[in-house]
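One structure below.
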Amino acid sequence: MPLYVAHFIMKEENLWLNNQPPYQVLRSEEHHFLALHMFAAGDPEAAYSRALDMLPGLSNANHEGPGDRTHFEAVGIFDLDEVFVAEDLSTNLNDIYGVDIGVLDIEELLHKRSRAKHELRLFKYQTGVAATVAS
């Protein structure tokens with residue numbers, strides 16, 4: 001079964017609260033990062049569907065950050081791509097350059113926007129029959 005990697009745009013927001021009721025937010029900070037998840041799926045459409053299904057479960061909140069409360073929100077899918085694994089992965093992991101697992105476009109990353117399905121690398125560069133079926 002093919003392997004895919006989904007790049008999810010995540011927003012982390014740290015909140016500092018007043019320690020007296022009504023516990024208003026005194027200060028907040030946010031930053032964005034990519035969370036990469038590798039998974040198996042039968043085909044590109046199934047991979048896209050599974051990545052969409054993952055989005056709600058990636059959001060979370062806890063009290064372990066620098067503030068009083070930390071919220072994590074999955075903003076959207078930045079990219080989705082198929083991973084081609086060599087037959088002998090353990091040998092390739094020991095190669096001088098390891099295993100290439102993809103490229104991130106820094107210019108696009110700076111915009112922190114999720115992409116439409118047709119903009120994802122998995123669907124953007126399809127050709128021939130596969131592209132016709134995916135359309």
Notebook entry, point to check: Which is open to solvent by 40 Å² or more (accessible area, probe 1.4 Å), within 16 Å of the chain's Cα centre (by Cα) and modelled with pLDDT of 70 or more, of 72, 78, 39, 84?
Noted result: 72
Item checked: Of all residues in segment 91-127 being modelled with pLDDT of 80 or more and of a type in the set (Gly, Ala, Ser), the one that is surrounded by the fewest Cβ atoms within 10 Å (Cβ to Cβ) -> 116
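Can you tell me how many residues in segment 3-17 are open to solvent by 40 Å² or more (accessible area, probe 1.4 Å) and either of a type outside the set (Lys, Arg) or over 24 Å from residue 110 (Cβ atoms) (or both)? Step through it out loud before you land on a result.
Taking segment 3-17 first, the residues open to solvent by 40 Å² or more (accessible area, probe 1.4 Å) are 3, 11, 13, 16-17.
Of the ones still in play, those that are also either of a type outside the set (Lys, Arg) or over 24 Å from residue 110 (Cβ atoms) (or both) are 3, 13, 16-17.
Count: 4.
The values are calculated or read from the model by the stated rules, or taken from the named source; none is laboratory data. Keep in mind that this is a model prediction, so the values were computed, not measured. Neighbour counts run over all protein chains shown; Cβ positions are idealised from the backbone, glycine included. Side chains are part of the model used for accessible areas, which takes the heavy atoms of the whole protein and leaves out ligands, DNA and RNA. Shrake-Rupley method; radii C 1.70, N 1.55, O 1.52, S 1.80 Å.
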